[in-house]
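Read the structure below first, then the notes.
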Amino acid sequence: MEERKVVYDDEIDLYELFIKLWKHKIFILMFTLLCTVASIVAVNIMPPKYKVTAKVVPNNIEFIKIFYKDLGSYGNIDMVLSNIYIGVYTEIIFPLFKSRDLAIKAVGQALGGNSDPEYCASIIDEEELSIDVKKNREVASVIEIEVVHRDSALAYNFANNLLLQVDNELKRIYNIKDSKTRLLNVTESPVMPKKPYSPKKSLVVAVAFVSSLFLALFLVLIIDWIGAVRKQYSPDRM
């Protein structure tokens with residue numbers, strides 16, 4: 001009995017593939033163009049958002065004064081000195097920037113100082129005023145603040161007022177009456193943004209163009225494969 005040898009051709013015929021794609025060039029062009037135009041329209045409809053950043057560190061001079069003042073309330077100073085370090089004040093400052101109450105006050109000040117607290121809260125919730133607070137990876141004492149909103153002026157004024165509200169809250173906590181004293185050192189002040197943070201129009205359109213092109217090529221190959229299968233199993237060939 002003769003053995004039948006089945007040979008599988010795993011090589012891709014690039015010329016044949018090109019011919020298949022070229023036959024559907026109009027579809028590929030129109031599909032890619034339509035998706036790209038749709039992305040341009042969509043990205044221009046989307047409301048722009050602006051980002052304002054700031055960096056702060058504890059005012060070590062003032063906190064050292066507070067540190068030694070706190071030592072007076074302890075009996076065993078040696079034990080306190082061995083367990084408390086000045087960096088603990090960064091841990092106290094950090095959550096204040098996430099305080100909803102202080103954020104609402106900062107919004108009110110950014111709007112002129114006479115706004116209703118409920119309306120200020122609605123700006124944070126409904127208008128998606130985003131506040132991101134994190135510690136610097138390299139220097140733990142540095143606190144980074146990012147504010148994102150569709151109104152550049154509001155984002156800028158809010159960031160400045162949030163710094164002020166946190167500083168005032170710290171003075172209230174430590175019972176400091178001097179209005180000139182600052183417990184926060186601003187190492188990077190907020191700057192009025194000139195360009196939107198998002199959407200990144202050129203990037204969105206470029207991604208849409210490339211994605212739609214590859215999708216069009218994929219669809220063409222699938223359609224061509226389905227056509228070949230139907231032709232192979234059509235009743236005329238049986």
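Go through region 175-233 and give me each residue that's among the small types (Gly, Ala, Ser), surrounded by 14 or more Cβ atoms within 10 Å (Cβ to Cβ) and assigned to a helix (DSSP H, G or I). Steps first, answer last, please.
Here is the first cut: in region 175-233, the ones among the small types (Gly, Ala, Ser) are 179, 189, 198, 202, 206, 208, 211-212, 216, 227-228.
Subsequent filtering for residues that are surrounded by 14 or more Cβ atoms within 10 Å (Cβ to Cβ) retains 198, 208, 211-212, 216.
Listed by number, the residues that qualify are ALA208, SER211, SER212, ALA216.
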### Task
Among the residues of region 129-146, count how many are modelled with pLDDT of 90 or more, closer than 15 Å to VAL186 by Cα and among the hydrophobic types (A, V, I, L, M, F, W, C).
4
### Message
Take the conditions more than 30 Å from LYS55 (Cβ to Cβ), over 22 Å from the mean Cα position of the chain (by Cα) and free of Cβ contacts under 8 Å to residues at least 60 places away in the same chain and apply them to VAL220. Does it pass?
### Response
no
### Task
Determine which single condition LEU163 fails, assuming it passes every other condition in (1) at pLDDT 95 or above; (2) farther than 26 Å from LEU96 by Cβ.
(2)
### Summary
Across region 48-100, the tally of residues that are at pLDDT 90 or above, among the charged types (D, E, K, R) and either closer than 14 Å to ASP167 by Cα or touching an Asp or Glu at 6+ places or on another chain (Cβ under 7 Å) (or both) stands at 3
### Message
Please pick out the residue among ASN168, ASN175, ASN161 that is under 25 Å from the mean Cα position of the chain (by Cα) and among the polar types (S, T, N, Q).
### Response
ASN161
### Task
Considering (1) farther than 30 Å from PRO48 by Cα; (2) of a type outside the set (Ser, Thr, Tyr); (3) surrounded by fewer than 19 Cβ atoms within 10 Å (Cβ to Cβ), say which one LEU164 fails and leave the rest.
(1)
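The values are calculated or read from the model by the stated rules, or taken from the named source; none is laboratory data. The structure presented is a predicted model; accordingly, all values stated were derived computationally and were not measured. Ideal geometry is used to build each Cβ from the backbone, glycine not excepted, and the neighbour counts take in all protein chains shown.
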